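The values are calculated or read from the model by the stated rules, or taken from the named source; none is laboratory data. This one's a predicted model, so the numbers in the text were calculated from it and none came from an experiment. All Cβ positions, glycine included, derive from the backbone under ideal geometry; neighbour counts span all protein chains shown. Accessible surface areas use protein heavy atoms only, side chains included; no ligands, DNA or RNA. Shrake-Rupley method; radii C 1.70, N 1.55, O 1.52, S 1.80 Å.
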Amino acid sequence: MKRFGKTAVGICLLLAVWQLAVMSGIWSTYVLPPPAKVASSLLAMMRDGTLWKHILISMRRVLIGFGIAFGLALLCGMAARGLPRLEEYYGSFLEFMRHVPPISLIALLILWFGIGETSKIIIIVLASFFPMYLNIRQGFVSADRKLLEVGTVFGLSRWQRFCRIVVPCAIPDILVGMRIGLGYSWRAIIGAEMIAAASGLGYLILDAQQMSRSDRVIAGILTIGVVGVLCDWLFRILIQRWQRYGD
Amino acid sequence: MEIRNLSKSYQVAGRRLDVLKHLNMKTDDRGITVVLGRSGCGKTTLLRLIARLEPADEGEILWEGSGKLGVIFQEPRLMPWLTAGDNILFGAGRKEQEKQEKLERLLKLTGLEGFEDAYPAQLSGGMQQRAALARALASDPDYLLMDEPFAALDYFTRRQMQKELLEVWRKEQKGVLFVTHSIEEALALGTKILILDGGVCRKEYDLTGYPYPRDLLDGDMIAIRKDIIEHIEEREETTL
Ligand SMILES: Nc1ncnc2c1ncn2[C@@H]1O[C@H](COP(=O)(O)OP(=O)(O)OP(=O)(O)O)[C@@H](O)[C@H]1O
Ligand SMILES: [Mg+2]
């Protein structure tokens, strides 16, 4: 609660500085709209539903892309544990791809898949796969050998040991990977929507800029931040749930 | 359980280290067989071979039981994400009704009543070790293998745990193979003591006739203790 109060104070201060800057008249209100203007256009966009529509569209893309990336990362992570030989074949390729920013591939993706949903989802998959894969792999590979021996002693099969020991050992790492991956997907989708899209929060911002509506631009930015923080907060709660035993 | 001609060596820093050299020994299957030896003599190795966690180089382990072993490691090795109760039932099979009864019985036996919902991190070292004992018993083993389970505990807790182990042994009627480097512990617990040294079983003592709780200052006990010390130290002199 205390923390909450301090956050509120910080936000109020920021708003005050913003208001002062507007009143100083250095920038025209077209460039820097006052907080009240931003709030009213935010409310207007909420009321007529455009904001929700764009949020839902961006979210949908993120969820699909993130889901695919998570599935792939889980498979590759499991393979790294179960079939370490196989990993030798694809490990270097993944290491290479990890260093290529997905936005740099957007030109090719648009050529190959057009500006439709497919290329955006691929961008999200590329952006969120690597942080998830690296964390999930780490979780699976570093499962405690001593605990695994307990499973052996109780006569568990390889599969049972995997489900009952390796997976629980890996869950904290998996959740951390998902949390980072979700943050990455959210950033990537906004970038992709600003390059080529007809809907979504990134498009909302770009469109507002082209119409010189900086109040809407700022409203869009605020929305992106709030949605990102909310998603992250949800994940943090999940992680804390799981690690409740640790204290 | 009979062990014949058991050998095991490791490669350590490019050199071959023979840990067990054609070891022969026989345990007391109704009683508590204590394997006593100094640190590094191969006690853990022996238990790991018996528990089939590692293959032997040579030799065989003969045993008429069903093959179900309960192993208690030097550390408790509880699953940190499970409560004490779920840890105890980790290897206890599927039948819910049976599991619940078993849990109640084992919690009482190991004095962990009221802690079944606590996580391992919330238990003391001694309580964790008791939970590990309960977990081993919950899988209904025919035989318990214990690797210095109380070595990390303080004197008083260790004494308490030894008493509890004797209690469990009396109630559950299971054979126990107990490994330790402490002569006191061996004398307090064993119905049979085997001295493991230099990779072979150097000497054995039959203590079946001595009832529990034992007075370690009793004349016979002191004599046995002296004899054990002499056997271990004598070898030290000849190897030096
Ligand atoms: N996995 C391994 N790889 C290589 N050497 C090993 C391995 N395990 C044990 N050893 C060696 O085998 C010898 C016996 O080890 P072991 O753990 O069986 O001793 P111990 O009698 O249990 O000792 P302590 O009382 O200290 O637990 C040691 O010298 C050790 O270096
Ligand atoms: Mg040992």
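Odds and ends about this structure:
- Of the residues A:Ile124, A:Ile165, A:Ile68, the one that moves most in a GNM of chain A with alpha-carbon contacts below 10 Å is A:Ile165.
- Extent of the protein assembly as shown along its three principal axes (Cα atoms, max minus min coordinate, largest first): 102, 50, 50 Å.
- Calculated [θ] (222 nm, deg cm²/dmol) that DSSP helices of n ≥ 4 give over chain A, each run adding -39,500 (n - 2.57): -27000 deg cm²/dmol
- Cα long-axis angle, helix B:219-239 against chain B (0 to 90 degrees, to the nearest 10): 60 degrees
- Long-range HN-HN contacts of B:Lys203 with modeled amide H, under 5 Å: B:Ile195
- Chain B: angle of helix B:125-138 to the longest principal axis, Cα-based, in degrees nearest 10: 80 degrees
- Rounded to the nearest whole Hz, the Karplus-based 3J(HN,Hα) values (6.51 cos²θ - 1.76 cosθ + 1.60, θ = phi - 60°) of the stretch A:166-175 follow the sequence 5, 5, x, 4, 8, 4, x, 5, 4, 5, with x at glycine and proline.
- Ranked by solvent-accessible area (1.4 Å probe, protein heavy atoms only, all chains present), the residues B:Ser39, A:Ser41, A:Ser104 order from largest to smallest as B:Ser39, A:Ser104, A:Ser41.
- Candidates B:Leu194, B:Leu153, B:Leu217, ranked by Gaussian network fluctuation over chain B, Cα under 10 Å, top entry: B:Leu217
- Chain lengthening between A:Glu117 and A:Ala198 when straightened (0.36 nm per residue, less Cα-Cα): 28.1 nm
- Of the whole protein surface, A:Phe162 contributes about 30 Å² of accessible area at a 1.4 Å probe radius.
- Delta accessible area of at least 50 Å² on complex formation, residues of the stretch A:137-182, 1.4 Å probe, chain isolated as reference: A:Lys146, A:Leu147, A:Glu149, A:Val150, A:Val153, A:Phe154, A:Arg164
- Candidate lysines for bridging to B:Lys108, where Cα separation is under 19 Å - those fewer than 8 sequence places away on the same chain excluded: B:Lys99, B:Lys163, B:Lys171, B:Lys174
- Solvent-accessible surface (1.4 Å probe) assigned to A:Thr152 amounts to roughly 50 Å².
- Sorted largest first by accessible area at a 1.4 angstrom probe radius, with every protein chain in place, the residues B:Leu109, A:Leu86 fall in the order A:Leu86, B:Leu109.
- Charged side chains reduced to their Cβ positions (Lys and Arg at +1, Asp and Glu at -1) give chain A a dipole of some 620 debye around its Cα centre.
- Ranked from largest to smallest solvent-accessible area, with a 1.4 Å probe on the protein heavy atoms, A:Thr50, B:Thr208, B:Thr45 come out as B:Thr208, A:Thr50, B:Thr45.
- The stretch A:1-17 and the stretch B:1-47: distance between their alpha carbon centers, rounded to Å: 67 Å
- With the whole protein complex present, A:Ile11 retains an accessible surface near 100 Å², based on a 1.4 Å probe.
- Over all other residues within a Cβ to Cβ distance under 11 Å of B:His22, the charged ones net out to 0, with Lys and Arg as +1 and Asp and Glu as -1.
- Quarter of Cα convex hull surface for chain B, i.e. mean projection, nm²: 14.3 nm²
- Ranking A:Ile110, A:Ile171, A:Val229 by Cα position along the charge dipole of the stretch A:34-246, where only Lys, Arg, Asp and Glu carry charges on their C-beta atoms, puts A:Ile171 farthest toward the positive end.
- Rounded FRET efficiency, nearest 0.05, which uses the C-beta distance separating B:Glu101 from B:Ser182 and R0 of 41 Å: 0.70
- Residue with peak Gaussian network fluctuation, chain B [Cα springs, cutoff 10 Å], from B:Leu144, B:Leu46, B:Leu82: B:Leu82
- Set of aspartates and glutamates near B:Lys192 by C-alpha distance (under 12 Å), chain-local residues within fewer than 8 positions excluded: B:Asp28, B:Asp29, B:Glu204, B:Asp206
- Tilt relative to chain B, helix B:96-109 - C-alpha long axis, 0 to 90 degrees, to 10: 60 degrees
- Estimated distance in nm for a label pair at A:Leu105 and A:Tyr89, the labels positioned 7 Å out from Cα along Cα-to-Cβ: 2.0 nm
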